[in-house]
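Accompanying notes for the structure given below.
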Amino acid sequence: MPATHRNDSASPRSALLIGAQGFLGGFIAAALRARGWRVIAGVRHPRAGCDERRVDLTLMSGAQDWRPILADVDAVVNASGILRESGRQTFAAIHVAAPMALASACVDAGIDTFVQISALGIPADGGFIESKHRFDEALLALPMRSVVLRPSVVYAVSGSYGGTSLLRALAALPLFSLLPGAGQWLIQPVAAEDLAHLVADALQGAQRGIYEVGAPQPITLRDYQLAWRRWLRIGGRRILGVPEILVSVQVWLAERLGRGPVGETMWRMLRRGNITHADAGPRLLRDFGMLPRALDEVLAMQPSQVQDRWQAQAYFLAPLLRVSIIAVWLLSALAGWLTPAATIEALADGSLLQAMPVTALARATGALDLSLAVWLASGWRPRWAIALMATSVLAYTVAFGLLLPALWLESLGGLAKNLIILPALGLAWVLAERR
């Protein structure tokens, strides 16, 4: 089959970036553009006017699915991945079948450079690592130049994702930091920017094979947490260790519920120690001419701002706020259904509501509140549910405030409390977007 990539040296070379909207994707795209690459983002929902192409890894398991996507592409970077399986998003589909089809299509199209972002670990850690490494080996057997990068824990000063968000939040608690176990496990944390620069180097270099990526020296999880606490400018070095058995139970429950930032694979990897082999650093230095920076060096180069503390300290408040909102709506639903009709009619007596079917209205609003509570609890499109909640509260406040103004002075502040609930819903709407 003839090559579909461009050979016009006057135009910038193009890289197809799979996983462009993920945590690492933005850093990789920025590093590539800084080197003069045109970045074509492979995303599930392309936006008009953007250099994006529709890619759904759950559906693209054959080389023929990728051929239209590879038009005008010179190299491919695969930064896609899932930490937990859900529905059609399985490790086999996302980490093996779709990337293998993409790599085969690259060979057919004459695209000779493929960079794969994998993960440091061993297959026994779990399906996440096993599937990543299975594709790594298959990729290297194909007739093209392939580079596989296997980083330790990846972090970013300007944001966080999954387990790194949790660790930063644990480090930012007001009185002390929480730590899984004694925090004795070793890691070699890698700045996302450094990993992205390695990707850019790999696209333009002659490297081949698997490279483990880690900071120059391992550090304990305890030291990692204390470094973030200092950077966030939160006083105190007191650390409270959470017994491993309790963490294991929480991780087990989260895995069964399909929620939570840390799955069983990540927990096993952490306890085993997530560090590179002894020759990994010298090999990176020899072939790439650089090593990832130490955590302290990275943090020293970018001071924290108050927004960083907000992000870390709101981590646990966000789910607590959501649970509180659900509880309020459930109680409101019960009140709408269980309040006796005589009480409701007495409340409306003498007001503009007197001529209305107030009991039926109370039962209907109770049903609405229940449906919104269940919707928000389901986790499906939470911003839509919160927006409808805010709309209903605003409607209640305006309607009852005008038709039944005595409620503003009700002893328990029934209507006045909406003045707090509305901004709380606004905050919940903002915090609904999480990684």
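Only four residue types carry charge here, +1 at the Cβ of Lys and Arg and -1 at the Cβ of Asp and Glu. Report the dipole size of the chain about the Cα centre in Debye, rounded to the nearest 20.
My answer is approximately 460 debye.
Calculated on the alpha-carbon coordinates, the convex hull of the stretch 87-151 measures out at 71 cubic angstrom per residue.
Overall shape: oblate for the stretch 208-251, with the ratio a/c of the largest to smallest alpha carbon gyration tensor axis at 1.5 or above and b/c at least equal to a/b.
Of the residues Glu410, Glu52, Glu345, ranked by 1.4 Å probe accessible area with the largest first, the sequence reads Glu345, Glu410, Glu52. For the chain, the mean residue ellipticity at 222 nm estimated from helices alone is -14500 deg cm²/dmol, where every DSSP H run of n ≥ 4 contributes -39500 (n - 2.57) and the total is divided by all residues, rounded to the nearest 500.
Take the stretch 227-295 with all the other protein chains still there, run a 1.4 Å probe, and you get 59 Å² of accessible area per residue. Backbone geometry of the stretch 359-365 corresponds, through the Karplus equation with coefficients 6.51, -1.76 and 1.60 at θ = phi - 60°, to 3J(HN,Hα) couplings of 5, 5, 5, 5, 5, 5, 5 Hz, x marking Gly and Pro. Calculated translational diffusion coefficient of the stretch 46-94 (37 °C, 0.692 mPa s; Stokes-Einstein with Kirkwood radius over alpha-carbon pairs) equals 261 µm²/s.
Expressed as a whole percent, the accessible surface of the chain that belongs to carbon and sulfur atoms is 64, based on a 1.4 Å probe. According to the Cα-based calculation, Rg over Rh for the stretch 114-216 is 1.04, with Rh computed by the Kirkwood formula. The modelled label-to-label distance for the pair Ser351/Arg434, using points 7 Å beyond Cα in the direction of Cβ, is 3.6 nm.
Multiplying the residue separation of Trp252 and Gln64 by 0.36 nm and removing their Cα-Cα distance gives an extension gain of 63.7 nm. Close amide H pairs (under 5 Å, H built 1.01 Å from N) link Ile210 with Val148, residues at least 5 positions away or on another chain. Between the listed residues Leu284, Val262, Tyr211, the Cα displaced farthest toward the positive end of the dipole of the stretch 188-311, a dipole computed from Cβ unit charges relative to the Cα centre, is found at Val262.
Annotation: extensible slack from Leu142 through Arg88 equals 16.8 nm (criterion: 0.36 nm per residue apart, minus Cα-Cα distance). Accessible surface comparison of Cys50, Cys106, probe 1.4 Å, protein chains only, largest first: the order is Cys50, Cys106. Here the label points at Arg208 and Glu244, each 7 Å from Cα along the C-beta direction, are separated by 4.2 nm in the simple model. Per residue, the accessible area of the stretch 47-139 comes to 36 Å² when a 1.4 Å probe rolls over the protein heavy atoms. Along each principal axis, taking the top coordinate minus the bottom one, the Cα set of the stretch 318-368 gives 42, 18, 15 Å in descending order.
Computed about its Cα centre, the charge dipole of the stretch 172-261 is approximately 460 debye, with only Lys, Arg, Asp and Glu carrying charge at their Cβ. Accessible area per residue was computed with a 1.4 Å probe on protein heavy atoms; Ile275 scores about 70 Å². The convex hull defined by the C-alpha atoms of the chain has an orientation-averaged projected area of 25.7 nm². With respect to the chain, whose longest principal axis is taken over its alpha-carbon atoms, helix 221-231 is tilted by about 70°.
Dipole of the chain computed with +1 at Lys/Arg Cβ and -1 at Asp/Glu Cβ about the Cα centre; of Thr359, Leu388, Ile239, farthest Cα towards the positive end is Ile239.
Among 34-43, 281-290, the peptide with the highest mean count of other Cβ atoms within 10 Å heads the list, and the full ranking is 34-43, 281-290.
Between Ala335 and Leu388, the modelled label-to-label distance comes to 2.1 nm, taking each label 7 Å out from Cα in the direction of the beta carbon.
The values are calculated or read from the model by the stated rules, or taken from the named source; none is laboratory data. Remember, predicted model here, so these are calculated numbers, not experimental data. Using ideal geometry, Cβ is built from the backbone for each residue, glycine included, and neighbour counts are taken over all protein chains shown. Each accessible area value is taken on the protein alone, full model and side chains, heavy atoms only, with ligands, DNA and RNA left out. Shrake-Rupley method; radii C 1.70, N 1.55, O 1.52, S 1.80 Å.
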